[in-house]
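Provided herewith is a single structure, encoded as structure tokens, for subsequent inquiry.
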């Protein structure tokens with residue numbers, strides 16, 4: 001059996017024997033990414049609504065900025081956060097560098113433009129009559145906004161899936177501000193990078209399988225919720 005075949009077989013063994021070290025890395029990765037997306041989503045969707053239905057100077061420029069930020073490199077976010085959170089930085093007293101919350105902050109910065117840009121596209125494409133009807137019936141602006149968001153929920157769900165898929169697989173920011181510390185800040189992408197650099201492929205392959213299973217599972221779940229009418233979203 002080739003070295004790749006042996007590594008793949010070992011990867012399956014790690015997955016199905018419940019290797020504690022591997023599943024701890026998975027748990028850390030999912031915990032950090034879920035926190036980041038859940039924190040970023042409410043303000044991002046509110047801003048997306050304002051950009052879709054508001055009229056103010058600079059609106060189009062702001063929309064263009066968020067679309068441009070979709071290509072923001074994770075390592076650049078990591079560098080900026082490292083400078084801010086280091087001991088000599090302006091936020092050094094918070095002592096967040098090399099913690100999970102530093103990773104959460106970085107992933108919020110990466111997911112926010114995705115949520116705003118995709119959320120804006122979904123809301124702008126929605127039926128404006130839902131907003132107008134709710135307002136006519138006496139609903140408050142917040143209630144009318146929620147009514148409209150419910151009408152475009154599948155588009156917003158796609159934005160959530162895209163944002164989560166982006167941050168759960170990023171390595172540059174997490175490596176720089178998290179430090180890849182075992183049992184504390186080592187997540188799936190940083191663990192894959194470390195194991196590959198050591199020439200130990202089994203755990204990296206196993207963790208890669210987890211990411212692939214996650215992507216397929218999220219796509220399948222969204223397709224099921226949409227009644228099979230939509231395609232892949234990540």
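The values are calculated or read from the model by the stated rules, or taken from the named source; none is laboratory data. Quick caveat, the model's predicted, so the values are computed rather than measured. Every residue, glycine among them, receives a Cβ derived from its backbone with ideal geometry; neighbour counts consider all protein chains shown.
Applying the selection to region 176-225, what residues are touching a helix residue (DSSP H, G or I) at 6+ places or on another chain (Cβ under 9 Å), closer than 28 Å to residue 157 by Cα, surrounded by fewer than 16 Cβ atoms within 10 Å (Cβ to Cβ) and at pLDDT below 90?
221, 225
Could you grab me the full set of residues in region 119-128 that are surrounded by fewer than 24 Cβ atoms within 10 Å (Cβ to Cβ) and either out of contact with any helix residue (DSSP H, G or I) (no Cβ under 9 Å at 6 or more places or on another chain) or within 16 Å of residue 38 (Cβ to Cβ) (or both)?
Hits for region 119-128: nothing passes.
Identify all residues within region 79-120 that are in a helix (DSSP H, G or I), over 30 Å from residue 64 (Cβ atoms) and within 19 Å of the chain's Cα centre (by Cα); write none if there are none.
Narrowing region 79-120 to residues in a helix (DSSP H, G or I): 79-85, 92-94, 100-120.
Restricting the remaining residues to those that are over 30 Å from residue 64 (Cβ atoms) gives 92-94, 100-101.
Residues satisfying the conditions are 100, 101.
Each row is one residue, and each column tells you yes or no for (1) surrounded by 11 or more Cβ atoms within 10 Å (Cβ to Cβ); (2) assigned to a helix (DSSP H, G or I); (3) in contact (Cβ under 8 Å) with a residue 12 or more places away in the chain; (4) within 20 Å of the chain's Cα centre (by Cα).
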site	(1), (2), (3), (4)
22	yes, yes, yes, no
25	yes, yes, yes, yes
33	yes, yes, yes, yes
38	yes, yes, no, yes
42	no, yes, no, yes
47	yes, yes, yes, yes
60	no, yes, no, no
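Another one. Between residues in region 128-146 that are farther than 18 Å from residue 43 by Cβ and residues that are outside any helix (DSSP H, G or I) and modelled with pLDDT of 80 or more, which pairs lie under 8 Å by C-beta distance while being six or more apart or on different chains?
As it stands, the answer is none, since no pair meets every condition given.
Condition first: free of Cβ contacts under 8 Å to residues at least 40 places away in the same chain and under 30 Å from residue 3 (Cβ atoms). Now tell me which residues in region 147-199 satisfy that. Show your work before the answer.
So the first thing to find is which residues in region 147-199 are free of Cβ contacts under 8 Å to residues at least 40 places away in the same chain, and the list is 147, 150-153, 155, 180, 182, 190, 192-199.
Of everything in region 147-199, those that are free of Cβ contacts under 8 Å to residues at least 40 places away in the same chain and under 30 Å from residue 3 (Cβ atoms) turn out to be 180, 182, 190, 192, 193, 194, 195, 196, 197, 198, 199.
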